[in-house]
Each structure stands twice: as structure tokens, then as C-alpha cells.
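The values are calculated or read from the model by the stated rules, or taken from the named source; none is laboratory data. Owing to the predicted nature of the structure, the values given are computational and were not obtained by experimental measurement. Don't worry about glycine lacking a Cβ; one is built from the backbone with ideal geometry, like all the others, and counts go over all protein chains shown. Side chains are part of the model used for accessible areas, which takes the heavy atoms of the whole protein and leaves out ligands, DNA and RNA. Shrake-Rupley method; radii C 1.70, N 1.55, O 1.52, S 1.80 Å.
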Amino acid sequence: YQQHAKSGNCEWFTKKLSDILVNDYGIDLKENTKVEHFTTKTIKNSKASTITQIKTSKGVIDIDDNTKVVVCAGSWTPVIMRKLDLYCPIYGLKGYDLLLSIKDNPGLENISKPTQILVVKDLYITRYNDQIRIAAMGIFTGWDTQVDKNILDALKERSKTIFSTPYHSLIDNSEVAIGLRPFSADGRIIVGSVPEYNNLYVNVGPGYNGWKLCIGTGELTSKIIEGETWDDIKKDLGFDASIFDPKNRIKYSPFFCKLTSSSLYI
């Protein structure tokens, strides 16, 4: 058991957070909206360009001089960045979750249930109130989010070796969730300004540590947008956060971006 670790349902959390942002802070959230293209312009006497418009599947968003663009799209960050001819070394690690509903199940009344995070070799088992979540190690399959029946069946059979017989029917009929964990090529998050564009910032690469890092990376992104230097941040936070700098990690590479823009890669 991981005695002091906490767990939560990221879908419930995200939906609740979005309600707070919209209702309490007036944030305009555009759901089910795809970024299709960026309009940019060159800056006189500067090597950097600036983003002036974002074309989406639901219209055009104008970007004025006081607006910053932050790409924080998890495993889809490189798909968006390459529309700006930028190669971002982020790769989605595909993971499978089984969600077992234990609410009002008479067959489990006298059966022990996990109360903490349980790690059993390649399985992570957590409790979400009336649900039990079983997660497994991930695989790299590009940006594919379809269920692989062979992998799903193997996960269910592996889970049955951990849980007692009363759970087996729940495992067979469990809800399945699939997600892509955004891993960076060197294992470090990528946070900060992108030198090729004077109003572009990125925050990506926590892998499976998104909740552990989100508050810190959000604060770090805010400090950089507000104009703090890496030296300022080091004095404030007590460590050298420049190791997360996108400079020399996100590359301007028009040819490579066009090469990987095929539907095979998204």
C-alpha cells in the first residue's frame, strides 16, 4: 500500500473545475473545438514572430497585443505546435482503466475493499467512493485512443488474479476508460515561453504525475508570463527551474512538422 498517497477521479474533478471557472470567474470555455490553423506575423527587427489569430472548427479567435497563447493540451500539444512549424518532444503513453461500481452490490457486503492505493506489480488499484479503479502500465501507439480487445482482455484476466471471485463479474462488465499520458522525451516537464513566438507559452509533459505537478507548473507558467526571469524564479522557489525551459527542446522544424502532419500521426 501507498500509505500517504491520495487519489481522485480526474473526470469528476475536471468537470467541477470547469463549472467553477465558468460560473465564478466568467471564463469562456469552448468545448469540442479543434485548433485548425494559426495566423502569425513577423516582428520588425526581431527573430520572433507573433500569433495574431487562431482558426478553430468553431470560428476565428483574434489575439490582441495584450493576449498570451498558452498551449497546455497534454498529449495533443505536439499536434497543435506543429501547426506553428514547431516540433515538441511529447509522446502519449496510452493507459487503460477499469472502473468497477461497488454501490448497492449485495455480493460485496462482507468482502474487503481497498481503502488506499494498492500497487501490485503492474497494476494500480484505487478507491473512488463507490468505485474501484484498476489501472495498468501504458503502451506507445501514437495518438490512438481505441480499445485494443486483446489488451483489455489481458487486463481483466490479470485483475482477476488479484481480486476474489465475487469481484469477477464486476471486472467482466466494468466501464473502460482510455487516456494518453503526456511524457517528454527526456522525462522533464516543458514549461515557459517559446522563443520563436513572442506571445506563445507551453506547459506540458508531466506523464502520469499531472495532479502532483499541476499547481506548481501553473504557478511557474504564471510567473513567466508576468515577466519574471529564471533567476527571479530561482530566488523565489529555491531551485533552478530553467531545466524546464522550452528553449533548445522545442525545435523550429517546418519540414519535419509537415512530414508528421499525416493522419497516421494524429
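Computed from backbone phi, the HN-Hα couplings of segment 18-25 come to 5, 4, 5, 4, 6, 7, 9, 10 Hz, rounded to whole numbers (Karplus: 6.51 cos²θ - 1.76 cosθ + 1.60, θ = phi - 60°; Gly and Pro given as x). Placing unit charges on the Cβ atoms only, positive for Lys and Arg and negative for Asp and Glu, gives the chain a dipole magnitude near 580 debye about its Cα centre.
Per residue, the solvent-accessible area of segment 59-106 (1.4 Å probe, heavy atoms of protein chains only, all protein chains present) comes to 44 Å².
Sorting the segments 222-235, 194-207 by their residues' average number of neighbouring beta-carbon atoms within 10 angstrom, most packed first, yields 194-207, 222-235.
Name the shape class, rounded, prolate or oblate, that the alpha-carbon gyration tensor gives for the chain, where a ≥ b ≥ c are the square roots of its eigenvalues, rounded holds for a/c under 1.5, and otherwise prolate holds if a/b is larger than b/c and oblate otherwise.
On the way: a/c = 2.15, a/b = 1.89, b/c = 1.14.
Prolate.
Between the amide H of Phe38 and those of Lys55, distances stay under 5 Å, these residues lying 5 or more places away or on another chain, with hydrogens modeled in the peptide plane.
For segment 134-139, putting each phi into the Karplus relation 6.51 cos²θ - 1.76 cosθ + 1.60 with θ = phi - 60° gives couplings of 10, 10, 10, 5, x, 9 Hz, in residue order, rounded to whole numbers and with x for Gly and Pro.
Taking all protein chains together and a 1.4 Å probe, the residues Tyr252, Tyr208, Tyr91 rank Tyr208, Tyr252, Tyr91 from largest to smallest accessible area. Overall, the accessible surface of segment 115-266 at a probe of 1.4 angstrom is composed of carbon and sulfur to the extent of 54 percent.
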